[in-house]
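The values are calculated or read from the model by the stated rules, or taken from the named source; none is laboratory data. Here the structure is a predicted model, which means the values were calculated and not measured. No Cβ is skipped: glycine too gets one built from the backbone with ideal geometry, and neighbour counts run over all protein chains shown. Ligands, DNA and RNA are stripped out before the accessible areas are found, and what is left, the full protein with its side chains, is counted by its heavy atoms. Shrake-Rupley method; radii C 1.70, N 1.55, O 1.52, S 1.80 Å.
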Amino acid sequence: PTEKGLKEDGLAIFNFALKHPKIDPNNIYILGRSLGGAVGAYVASHPSTKSHVKGIILEVTFTSIDDMVDIMFKPLKLLKPLILRNHWRTIQLIQDFTCPIFFIKGRLSFT
């Protein structure tokens with residue numbers, strides 16, 4: 001999956017939910033975990049969906065793939081421009097949110 005493809009999938013799922021007869025289009029919350037949180041943040045920030053999102057829940061979501069490489073794979077830091085194709089800059093997207101955001105985080109551990 002690519003960043004572009006996952007973004008398209010997220011929008012398609014949201015649009016399906018908007019049209020579903022058992023879902024109130026004025027009471028939609030987005031929940032995303034890890035990469036799903038990045039997708040959810042994208043969907044919540046999209047101009048076509050933004051007004052329908054009542055809130056977003058981000059569980060152990062990263063700020064961006066670039067930041068995650070800097071922390072978890074320090075030796076690759078200099079190679080990022082050559083190897084990263086997906087960036088998922090979630091931190092930039094959430095700055096403009098007007099809906100409530102609930103962050104669930106965990107402790108980073110490599111043991």
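Here are a few things to note about the model shown:
- Unique match (being more than 27 Å from residue 85 (Cβ to Cβ), more than 13 Å from the chain's Cα centre (by Cα) and open to solvent by 20 Å² or more (accessible area, probe 1.4 Å)) among 57, 23, 13, 28: 23
For (1) in contact with a Lys or Arg (Cβ under 7 Å, 6 or more places away or on another chain); (2) surrounded by fewer than 16 Cβ atoms within 10 Å (Cβ to Cβ); (3) within 22 Å of residue 1 (Cα to Cα); (4) not small (Gly, Ala, Ser), each residue gets a yes or a no:
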{"site": "35", "(1), (2), (3), (4)": "no, no, yes, yes"}
{"site": "75", "(1), (2), (3), (4)": "no, yes, no, yes"}
{"site": "82", "(1), (2), (3), (4)": "no, yes, yes, yes"}
{"site": "85", "(1), (2), (3), (4)": "no, yes, yes, yes"}
{"site": "88", "(1), (2), (3), (4)": "no, no, yes, yes"}
{"site": "93", "(1), (2), (3), (4)": "no, no, yes, yes"}
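- Residue within the range 38-50 that is at pLDDT below 90 and surrounded by 11 or more Cβ atoms within 10 Å (Cβ to Cβ) present: yes
- Any hit, the range 44-65, residues being of a type in the set (A, V, I, L, M, F, W, C), in a helix (DSSP H, G or I) and within 26 Å of residue 16 (Cα to Cα): yes
- Filter pass, residue 105 being more than 25 Å from residue 19 (Cα to Cα) and either without any contact (Cβ under 8 Å) to a residue 40 or more places away in the chain or open to solvent by 30 Å² or more (accessible area, probe 1.4 Å) (or both): yes
- The test for being at pLDDT below 90, open to solvent by less than 90 Å² (accessible area, probe 1.4 Å) and aliphatic (A, V, I, L, M) does not hold for residue 68.
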